[in-house]
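A.B. asks: Got a structure for you, written out below as structure tokens; questions coming shortly.
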Amino acid sequence: DTGVSQNPRHKITKRGQNVTFRCDPISEHNRLYWYRQTLGQGPEFLTYFQNEAQLEKSRLLSDRFSAERPKGSFSTLEIQRTEQGDSAMYLCASSPSGEQFFGPGTRLTVL
Amino acid sequence: GQQLNQSPQSMFIQEGEDVSMNCTSSSIFNTWLWYKQDPGEGPVLLIALYKAGELTSNGRLTAQFGITRKDSFLNISASIPSDVGIYFCAGQRTINQAGTALIFGKGTTLSVSS
């Protein structure tokens, strides 16, 4: 399968814990995006990488959130000191230029 | 901020019927995309539209990019049970020198009874 992959698919954590998600984009896609989706809503943009450079961050991305793409391939999204409001589906998308192709997402539940 | 208004919010139809849903925006977009999302999965790209007035088909799906660049619609003909899901429109905006981000509508939930 050559699509976008994300791990883990599901994560349950207690409030205050740190969590890290991984995204493997489609090979050779130089653009990588993170989105967050809550129930009943469409995905909302969080951040964008072109190769290894993080070029844009949404105001939704608080100081507790950090994303990296160290070698311009896979990316990680870390949430520190999780809060119940962080519960959502975290989606990764990659793109060669215009169209964005999404992974299956990581469903985070913060208890 | 930019928002997309997607309607209807939900639809309940019989198998074989045609479906139409639309999306409007207060802002102009240069690209419109339509995605379908199944429960617990990520959105899957259905159709991308790049030019005002463009009409594009993908099997039983047809989408159009409005002339004003502020709206788009998606039609599904002869619906089948596997069409069930949530359909999202998305407008693409430039966020940086070469990057773009998608602004999504809230989705149209389609239910098909056989």
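The values are calculated or read from the model by the stated rules, or taken from the named source; none is laboratory data. Just so it is clear, the structure is predicted and the values come from calculations on it, not from any experiment. In this analysis, Cβ positions are derived from the backbone assuming ideal geometry, glycine residues included, and neighbour counts consider all displayed protein chains.
A.B. asks: Any idea which of (1) within 11 Å of another protein chain (Cβ to nearest Cβ); (2) surrounded by 13 or more Cβ atoms within 10 Å (Cβ to Cβ) is the one residue B:39 doesn't satisfy?
C.D. replies: The single condition residue B:39 does not satisfy is (2).
A.B. asks: Can you list residue pairs whose Cβ atoms sit under 7 Å apart, with the first residue in segment A:6-21 being on the phi > 0 side of the Ramachandran plot and the second being hydroxyl-bearing (Ser, Thr, Tyr)? Count only pairs 6 or more apart in sequence or on different chains.
C.D. replies: A:16/A:82
A.B. asks: Looking at segment A:60-100, what strands (runs of 3 or more DSSP E) fall wholly within it and have at least 3 residues that are in contact with a Ser or Thr (Cβ under 8 Å, 6 or more places away or on another chain) and among the hydrophobic types (A, V, I, L, M, F, W, C)? Talk me through it step by step, then tell me what you get.
C.D. replies: On the way: elements: A:65-68, A:75-79, A:88-95.
Qualifying strands (runs of 3 or more DSSP E): A:88-95.
A.B. asks: When you check residue B:82 against the structure, is it surrounded by fewer than 16 Cβ atoms within 10 Å (Cβ to Cβ) and either part of a helix (DSSP H, G or I) or within 14 Å of chain A (Cβ to nearest Cβ) (or both), yes or no? So that I can check it myself, show each step before the final result.
C.D. replies: On the way: surrounded by fewer than 16 Cβ atoms within 10 Å (Cβ to Cβ): yes; either part of a helix (DSSP H, G or I) or within 14 Å of chain A (Cβ to nearest Cβ) (or both): yes.
Yes.
A.B. asks: Of all residues in segment A:1-52, how many are more than 10 Å from every other protein chain (Cβ to nearest Cβ), part of a strand (DSSP E or B) and out of contact with any Ser or Thr (no Cβ under 8 Å at 6 or more places or on another chain)?
C.D. replies: Count: 2.
A.B. asks: Can you pull out the residues in segment A:88-109 that are under 13 Å from residue A:33 (Cα atoms), under 10 Å from the mean Cα position of the chain (by Cα) and more than 7 Å from chain B (Cβ to nearest Cβ)?
C.D. replies: Hits for segment A:88-109 are A:90, A:92, A:93.
A.B. asks: Out of all the residues in segment A:71-82, is one or more modelled with pLDDT of 95 or more and in contact with a helix residue (DSSP H, G or I) (Cβ under 8 Å, 6 or more places away or on another chain)?
C.D. replies: yes
A.B. asks: Is it the case, given these coordinates, that residue B:102 is of a type in the set (A, V, I, L, M, F, W, C), more than 10 Å from the chain's Cα centre (by Cα), in a strand (DSSP E or B) and at the interface with chain A (Cβ under 10 Å from one of its Cβ atoms)?
C.D. replies: So residue B:102 fits the description; yes.
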